[in-house]
Amino acid sequence: MAAIGRFQKGDSIFYAKVVDGKLYKLKGDVFGSPSFAKRPITPSRGIRTLVPVEPSKVIAVGLNYADHARESNLKPPTQPLFWLKAPTSLIPDGAKIDLPFPSHRNDYEAELAIIIGRRIRNVAPQAAGRYIFGYTAAQDISDRDIQRGESQWARAKSFDTFTPIGPFIETKIDPQDQTIQLFQNGQLRQNSHTSQMIFSCAQLVSFISTNMTLLPGDIILTGTPSGVGPIQSGDRLEVRIGDMQALCNSVK
């Protein structure tokens with residue numbers, strides 16, 4: 001695997017390749033043809049992992065696993081169902097999820113996230129892979145009370161901290177051949193496989209690109225499998241996708 005992360009040390013924000021826990025600083029445009037330092041960054045103390053990209057938009061796809069549609073008592077869609085989430089909802093690995101309405105039912109949702117690498121509009125599914133930079137783990141935290149009371153889902157899913165993502169972008173994986181799991185306080189709650197998606201990553205990128213232009217760094221959340229459940233203060237949530245670095249966040 002080739003893992004790319006975005007980091008901060010002091011006032012400096014930078015991308016780096018992650019190899020065996022060591023960081024090799026990137027030179028040039030991360031979405032272009034960058035090179036990497038031959039020696040790792042030392043000392044590594046004081047380096048903070050950030051949200052891996054700064055997107056112009058975050059797009060969430062709903063009901064993309066048939067088993068989740070069934071547990072939600074909804075019919076699987078005949079074409080991708082998507083909406084926009086606020087980029088300000090993004091938080092990195094290790095940050096805390098803050099529930100604005102703790103008395104509401106708030107659910108975890110483990111998801112594979114697509115990171116767009118090139119400007120894209122009206123592309124066929126067969127060509128979509130050329131525009132994908134990589135993939136990472138994410139969550140689509142959802143306030144179900146608000147979601148069920150409104151005809152659109154954006155507000156229920158766009159509160160600050162409601163999109164944990166990262167820690168790193170994997171650029172060389174098969175997105176349709178990955179296990180996807182979520183652990184809540186060490187207990188396995190979601191356990192599925194990305195081959196169970198109704199619409200593949202390539203199909204999602206293609207469909208969304210016919211509706212809006214996608215820019216480098218844009219994020220597409222590809223949907224969650226069955227097993228979603230409520231969260232509360234003090235919970236520790238861990239998303240594991242294939243052999244990627246796990247995404248770990250706790251609830252404030």
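The values are calculated or read from the model by the stated rules, or taken from the named source; none is laboratory data. Owing to the predicted nature of the structure, the values given are computational and were not obtained by experimental measurement. Here Cβ is always computed from backbone atoms with ideal geometry, including for glycine, and neighbour counts include all displayed protein chains.
Summary of values
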| quantity | calculated |
| --- | --- |
| Selection from region 20-41 of residues that are among the acidic types (Asp, Glu) and under 23 Å from ARG130 (Cβ atoms) | ASP29 |
| Filtered residues of region 225-249 (kept if in a strand (DSSP E or B) and under 19 Å from SER103 (Cβ atoms)) | GLY229, PRO230 |
| Lone unmet requirement of (1) in contact (Cβ under 8 Å) with a residue 12 or more places away in the chain; (2) in a loop (DSSP other than H, G, I, E, B) for LEU74 | (1) |
| Test set (1) touching a Ser or Thr at 6+ places or on another chain (Cβ under 9 Å); (2) closer than 17 Å to ILE169 by Cα; (3) surrounded by fewer than 19 Cβ atoms within 10 Å (Cβ to Cβ) - PRO92 fails condition number | (3) |
| Options PRO52, PRO43: the member that is in a loop (DSSP other than H, G, I, E, B) and within 21 Å of GLY223 (Cβ to Cβ) | PRO52 |
| Residue match in region 130-141 (condition: β-branched (Val, Ile, Thr), out of contact with any Phe, Trp or Tyr (no Cβ under 9 Å at 6 or more places or on another chain) and closer than 18 Å to PHE82 by Cβ) | yes |
| Answer from ALA156, ALA138 - the residue that is without any contact (Cβ under 8 Å) to a residue 60 or more places away in the chain, crowded, with 19+ Cβ neighbours inside 10 Å and assigned by TED's automatic domain parsing to the domain that holds SER195 | ALA156 |
| Candidates PHE207, PHE168, PHE159, filtered to the one that is modelled with pLDDT of 95 or more and farther than 28 Å from ARG6 by Cα | PHE207 |
| Qualifying residue in region 15-28 (condition: loosely packed, with under 15 Cβ neighbours inside 10 Å, closer than 20 Å to ARG118 by Cβ, touching a strand residue (DSSP E or B) at 6+ places or on another chain (Cβ under 9 Å) and free of Cβ contacts under 8 Å to residues at least 12 places away in the same chain) | yes |
| Residue list for region 63-88, restricted to those being buried (at least 19 other Cβ atoms within 10 Å of the Cβ) and either of a type in the set (Gly, Ala, Ser) or more than 28 Å from LEU215 (Cβ to Cβ) (or both) | HIS68, ALA69 |
